[in-house]
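The values are calculated or read from the model by the stated rules, or taken from the named source; none is laboratory data. Every value quoted in this text rests on a predicted model; they were computed, and no experiment measured them. Neighbour counts run over all protein chains shown; Cβ positions are idealised from the backbone, glycine included. Heads up: the accessible areas ignore ligands, DNA and RNA and are worked out on the full protein's heavy atoms, side chains in. Shrake-Rupley method; radii C 1.70, N 1.55, O 1.52, S 1.80 Å.
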Amino acid sequence: MSESKELVTVTVDGTAVQVPKGTNLIEVARKAGVEIPHYCYHPNLSIAGNCRMCQVQVEGMPKLTIACNTGATDGMVVRTQKVSEDVAEAQRATLEFLLINHPLDCTVCDQAGHCKLQDYYYEYNGRASRFVENKVNKIKAEPVGPEVIYDGERCIVCTRCVRFCEEVTETSEFGVFNRGDKSVIGIHPGAELDNPFSGVVVDLCPVGALTHRRWRFNTRIWYTQEVNTVCTGCSTGCNAKVAVRDGKIVQVKARLNEDVNKEWMCDEGRYGFDRFQPKHRVVGPIVSGMDSDWTSAVNSSKALLGGEEPAAVLLSPFLTLEEVWVAMMFARDVMGLDAASGNIAMQLRRRDLSKLEQILVSPDYAPNARAAQLFGLCGNEESWREAVERHYESVLKQISSGSAKRILLVGEGAVAEADCDAALVKGLRSASVSLALCASHPESDPVAAACSVVLPGRTVHEKNGVMLNRDARLQRLRMLLQGPIGTQPEWMLLANLASGLGKKILPAEVTDDRGLFRAMTGSLESLSGATLVRIGDSGIELEEAAGGKDGSSDPAAV
Amino acid sequence: MKHLKILTANVHHDDQIELDAYERRGGYQAIRKVLKMDPAEVTAEVKASGLRGRGGAGFPTGVKWGFVPKNTGKPIYLLNNADESEPGTFKDRLLMERDPHLVIEGMMIAAWALGANWCCAYIRGEYSFPALMQQRAVDQAYEKGYLGKNIFGSGFDLDIVVHRGAGAYICGEETGLIESLEGNKGQPRIKPPFPAVVGLYGCPTVVNNTETLAALPWIMLNGASSYNSIGTEKSTGTKLFSASGHIKKPGVYEVNMGYPILDFINNECGGMRGDKALKAVITGGSSVPVLRADELEGVTLDYESCMEAGTFVGSGGFIVMDETTDMVEACLNLQHFYSHESCGQCTPCREGAHWVEKIVGRIYHGGGSSSDLSLIGDVTKQIAGHTICPFGDALVVPVQSFYKKFPEEFNERIDSALVSQIGNTHV
Amino acid sequence: MTEHKSSNGTVPTLSAAAEDRLKQLVSRYPRSKSAIMPALYIAQEELGWINDAAVHWVADRLSLPLAHVIQVATFYTMYYKQPVGKYHIQVCRTLSCMICGAKDLTAHIKQRLKIGAHEVTNDGVWSFEEVECLGSCGTAPMVQINDVFFENLTPESLDALMDRIEKEQPDLRYSTVRQDLGAGLSGEPKSRLYTAPVES
């Protein structure tokens, strides 16, 4: 593709659009509001040109041409299937060809309902196949790795999976074995598709040839609700589409976002998506290890109120940005602390990554840790991750040394599991008050068990809000699951607790997460240009969120 | 008619495979001359000769060379396409087996003109013996210092590698050949870019057929005007035709372009075997449309006349069929060839090649119906022009032309199939 | 042929001549990956067919992914994906040979050997398959046995040829390792074996 910045005008089905010279016609048409169907093309893989589904007519060219391999030139006139019968006929034929050796097993295929062969056939062909001979028998239901299973008969040999493993992970597990209509995707019999991004090939597969072993046959996709959210496995914030059914996460797909994760996602994030749901939940206030009520919880938290006793606040990196904002106000108005006082920190432990993981995964388990920087919790250092961790260690020490007497732990994961040692437990127990807002029940969580008061919080999948990823990009986190009855998102717990303690930290009109977002952006200059609409499904950079930057010129901001 | 022997003057000498014998008969003189010329002059001479690619496409060789960009800082590669796999074609084999030094000298001339220092002869895998003979000749040339560094004291370096394919028709397509030589499956590339700009290892590359290259020494020694004085205006020089089928004297013949087809059959080919009646001819390998006997009058072996007659010179694979030939079976035979050789990369060819074979197969085996003919029409129309490489265009040629030229044989099969099906209902 | 056990996942060592030959070949190409086809030939010649050991050997020597070696080996028909007989007959079946009697040759082979295509006779001597145009149309019908073309055949002459081969057990390979002209049947001048159709 051309790197040229030169803009050219291309007409697609009568609509003129301006695009950088050399932009491929699939993207050009997309800009003109026309979808050109395709299988093998992917914006982040090399051009294979093999599926022939994206053929279009370009004025002046003798034959139909594939849109994916045709670059825009000035004055180009393109006709798609919408206006050209030749193109429509070629696409109908391509679909009929593809169906020749494709089994009609949609009734048992996991891909049914989100299958591009199904969708396009319905949309662009809709006729019965004229192929009456026997189909070629190929390899079926063959596990190719710990997570992925292959069906050769369903495969349309678009080679997206092969190219992903060659070009992105550079692990090259796959090849196209044999030739002609015997072609199948193959792997060496002794090898496995076990790279850290193996699940991506399932997302890339336009048909049901590659499916998830662990989610096989678990649902028809049309019985699920698909939610656009972000992965909370690390601070990369990969865009994901999560299918939820009957209160369970049943499938996770990566979502295309050029600026964040292309359309990739690591297996740890994908297959571990529901790892943030503890089995044993706290569903009501717990005081001194006993089930209790709000009144006693508030009474037992009075010692938090500003005083001479040293305090420590640890924030979970799984909190939303709004919740961090509320927690900061709580710390200021209730506990008399501020960011500069050095006793508020966000939990972050760096981790080692293999070279391959580094292409996408961040060296942390802290999806919203960059928020610490936004709220002044780690200075303004280049290496924010080290700084956040250093501050976390420092506050942790204040607790385990026994010096902190007023302790607030906000959110599931405010203390990393590995950091919960005897000294910490002792520090929590010896404090005047140690309040934990979390999802795990003290019986299964030693940190909560050591706290004097526990309030029933929500997990990261049970709330709406925005997250700030490692590149300071604001992205929307969406609620996937209902929190159990009795639980509240942490911001609400904090606001209620504050008012119980006689402090008002949020305006009365804030009653839901949208109101909370508006209140936050209204009070923070750095976010004053941000709206949920603008952030949308693909996020915006923090710079763009600052007031006046270009917010007003964006029609979506209205 | 007296045909000029440009390519086959010495193939009947058993010792022609030896370097000294080749040189004794005037070999390696053209390259000595060429190395004193400016490469651009060589290209101009080849352009003026009117020499066209002998592999099948017939593209003017000098023009093709002219597409190579100069001064890109990248090496330029010359590839000798000896992946002779077009059914009915065995002419390059003759050159490699019987006059391999002529091929080498041709490669040297082209390499000089292009500025290529590495050249590869890609020989189809089944040609073990031709490859061996070619390798033997290359080894002799290295030993004598005619290849390697500083050829004939000119300062020009050239390495030639003999590379064997391994059984894939598609490697005769130039980008399939390049992919194969790079160590991949021989699946053609999408174009643009074209090999002249982005070819082997991403570098400018020219792929020329063996016969094309073998014509260069004569052209450079005798001059473009001597070459283009033979043949017709747009088809200059001589061409090798590989004659096979129901003829008395099958073999490779070098004839002047413009030679009448019927003369070729009756003289060079010795007429029909068993004196049976001529039924059909394929002039240029299985990928060109078949001609009926009654269409041959006045057709001559050159690009213009063949095209006017609705076919092509192609590779010069000249297959003659007599009255005993079952044209449905012949058609099925070729459709099987194409479905077997489809590389499987792009949808219409991967799926369509086999579908077409199956439809023709059921007609041949008595299970066809009249709707199959329109189905063939639809399917072939959607394969041709819709694939990555010209294989898609080639694979529809037999079925389209055989049915068009011999509809009665297809209809008869279909009609008798209907009769037998009706008959069966009474059993 | 040297006997090698195909140990799963380990790279075999081929004969010194084969290893040397590959090294020499690799040096001829601008990039070593280009040597994959000759490397597969060498492995096939040493191991009899492209088994797992062959795949590992080629992948290791050329630093290529295993899947890549398999995809190349399975794309080209001349790499055997299963064992073949000591003499592997390839009958050309394409048009010129077909109309000159190739079907009779195939029928005769089946009748004589009592095996189907891609099967090996019990004694391991013979196997056969039908292949597409071998570029010997002027001398149709014909077969290729190992590396050698036998042309202008009839069922009778093919039968006689097979008798001779069984009796003399000649080496019908143009070895990729040895690179000499050693192939041939005794008493048969090479020029006869390799007759190219030249106009008379």
Any idea how many residues of the range B:163-197 are surrounded by fewer than 24 Cβ atoms within 10 Å (Cβ to Cβ), at negative phi and touching a strand residue (DSSP E or B) at 6+ places or on another chain (Cβ under 8 Å)? 3
Elements of type strands (runs of 3 or more DSSP E) in the range A:145-197, at least 1 residues being more than 8 Å from chain C (Cβ to nearest Cβ): A:148-150, A:184-187
What are the pairs, 6+ residues apart or on separate chains, where a residue within the range B:1-25 that is on the phi < 0 side of the Ramachandran plot and at pLDDT below 95 has its Cβ under 7 Å from a residue that is open to solvent by 40 Å² or more (accessible area, probe 1.4 Å) and among the polar types (S, T, N, Q)? B:ASP14/C:SER191
Before we move on, is C:HIS108 in a loop (DSSP other than H, G, I, E, B) and open to solvent by 30 Å² or more (accessible area, probe 1.4 Å)? no
Please give the number of the condition B:THR8 fails out of (1) more than 11 Å from chain C (Cβ to nearest Cβ); (2) in contact with a Lys or Arg (Cβ under 9 Å, 6 or more places away or on another chain); (3) over 22 Å from B:PRO390 (Cα atoms); (4) buried (at least 22 other Cβ atoms within 10 Å of the Cβ). (1)
Flagged in the range A:38-68 as of a type in the set (S, T, N, Q) and open to solvent by 30 Å² or more (accessible area, probe 1.4 Å), in numbering order, are A:ASN44, A:SER46, A:GLN57
Pairing a residue in the range C:136-157 that is within 11 Å of chain B (Cβ to nearest Cβ) and at positive phi with any residue that is of a type in the set (A, V, I, L, M, F, W, C) and surrounded by fewer than 23 Cβ atoms within 10 Å (Cβ to Cβ), where Cβ atoms lie under 7 Å and the two sit 6 or more apart in sequence or on different chains, gives C:ASN146/C:LEU172
Condition check: open to solvent by 10 Å² or more (accessible area, probe 1.4 Å), more than 17 Å from B:LEU216 (Cα to Cα), more than 14 Å from every other protein chain (Cβ to nearest Cβ) and under 25 Å from the mean Cα position of the chain (by Cα). Does B:ALA57 satisfy that? yes
Only one of (1) over 25 Å from A:ARG163 (Cβ atoms); (2) surrounded by fewer than 22 Cβ atoms within 10 Å (Cβ to Cβ) is not met by A:VAL78, so which one is it? (2)
Could you please find all residues in the range B:342-400 being part of a loop (DSSP other than H, G, I, E, B), more than 11 Å from every other protein chain (Cβ to nearest Cβ) and buried (at least 24 other Cβ atoms within 10 Å of the Cβ)? B:GLY368, B:VAL396
So which of B:CYS306, B:CYS331 ends up being open to solvent by less than 10 Å² (accessible area, probe 1.4 Å) and in the same structural domain as B:GLY274 (by TED's automatic domain parsing)? B:CYS306
Here's a check for you: in the range C:1-27, which residue that is crowded, with 17+ Cβ neighbours inside 10 Å and not small (Gly, Ala, Ser) is modelled with the lowest pLDDT? C:HIS4
Kindly provide the set of residues from the range B:249-272 that are open to solvent by 10 Å² or more (accessible area, probe 1.4 Å) and touching a Gly at 6+ places or on another chain (Cβ under 9 Å), ordered by number. B:LYS249, B:PRO250, B:ASN256, B:GLY258, B:PRO260, B:LEU262, B:GLU268
With respect to A:GLY402, determine if the residue is in contact with a Phe, Trp or Tyr (Cβ under 9 Å, 6 or more places away or on another chain) and assigned to a loop (DSSP other than H, G, I, E, B). no
Selected residue (criterion: least open to solvent (accessible area, probe 1.4 Å)) from residues of the range A:505-545 that are in a helix (DSSP H, G or I) and of a type in the set (S, T, N, Q): A:THR521
Whether any residue in the range A:123-130 is in a helix (DSSP H, G or I), without any contact (Cβ under 8 Å) to a residue 24 or more places away in the chain and farther than 22 Å from A:VAL34 by Cα is what I want to check. no
Would you mind telling me which numbered condition in (1) in contact (Cβ under 8 Å) with a residue 24 or more places away in the chain; (2) closer than 30 Å to B:ALA166 by Cβ B:PHE59 fails? (1)
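Could you tell me whether the range B:161-176 includes any residue that is farther than 14 Å from B:ASP83 by Cα and either in contact with a helix residue (DSSP H, G or I) (Cβ under 6 Å, 6 or more places away or on another chain) or in the same structural domain as B:ILE76 (by TED's automatic domain parsing) (or both)?
Taking every residue of the range B:161-176 in turn, at least one turns out to be farther than 14 Å from B:ASP83 by Cα and either in contact with a helix residue (DSSP H, G or I) (Cβ under 6 Å, 6 or more places away or on another chain) or in the same structural domain as B:ILE76 (by TED's automatic domain parsing) (or both).
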Within the range C:153-175, the residues that are touching a helix residue (DSSP H, G or I) at 6+ places or on another chain (Cβ under 8 Å), in a helix (DSSP H, G or I) and under 14 Å from C:HIS88 (Cα atoms) are C:LEU158, C:MET162
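For (1) assigned to a strand (DSSP E or B); (2) of a type in the set (S, T, N, Q); (3) more than 12 Å from every other protein chain (Cβ to nearest Cβ), each residue gets a yes or a no:
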| site | (1), (2), (3) |
| --- | --- |
| C:SER34 | no, yes, no |
| C:ALA39 | no, no, no |
| C:TRP49 | no, no, yes |
| C:ALA53 | no, no, no |
| C:TRP57 | no, no, yes |
| C:ALA67 | no, no, no |
| C:GLN71 | no, yes, no |
| C:THR74 | no, yes, no |
| C:LYS81 | no, no, no |
Here are B:PHE318, B:PHE312: which of them is touching a Phe, Trp or Tyr at 6+ places or on another chain (Cβ under 8 Å), under 22 Å from B:CYS171 (Cα atoms) and open to solvent by 40 Å² or more (accessible area, probe 1.4 Å)? B:PHE312
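I'd like the residue in the range A:354-381 that is assigned to a helix (DSSP H, G or I) and touching a helix residue (DSSP H, G or I) at 6+ places or on another chain (Cβ under 8 Å) and, out of all such residues, is nearest to A:ALA254 (Cα to Cα).
Applying the first criterion (assigned to a helix (DSSP H, G or I)) to the range A:354-381 yields A:357-359, A:370-374.
Pick out the ones that are also touching a helix residue (DSSP H, G or I) at 6+ places or on another chain (Cβ under 8 Å) and you get A:359, A:370-374.
Working: A:ILE359: 15, A:ARG370: 22, A:ALA371: 23, A:ALA372: 26, A:GLN373: 27, A:LEU374: 27 Å.
Among those that are assigned to a helix (DSSP H, G or I) and touching a helix residue (DSSP H, G or I) at 6+ places or on another chain (Cβ under 8 Å), it is A:ILE359.
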Condition test on C:THR121, is it of a type outside the set (D, E, K, R), surrounded by fewer than 20 Cβ atoms within 10 Å (Cβ to Cβ) and at pLDDT 95 or above? yes
Subset of the range B:113-136 [out of contact with any Lys or Arg (no Cβ under 6 Å at 6 or more places or on another chain), in a helix (DSSP H, G or I) and within 14 Å of chain C (Cβ to nearest Cβ)]: B:SER128, B:PHE129, B:LEU132, B:MET133, B:GLN134, B:GLN135, B:ARG136
If I ask for residues that are farther than 25 Å from B:ILE104 by Cβ and surrounded by fewer than 23 Cβ atoms within 10 Å (Cβ to Cβ), which ones from the range B:213-245 would you list? B:SER225, B:SER229, B:THR232, B:GLU233, B:LYS234
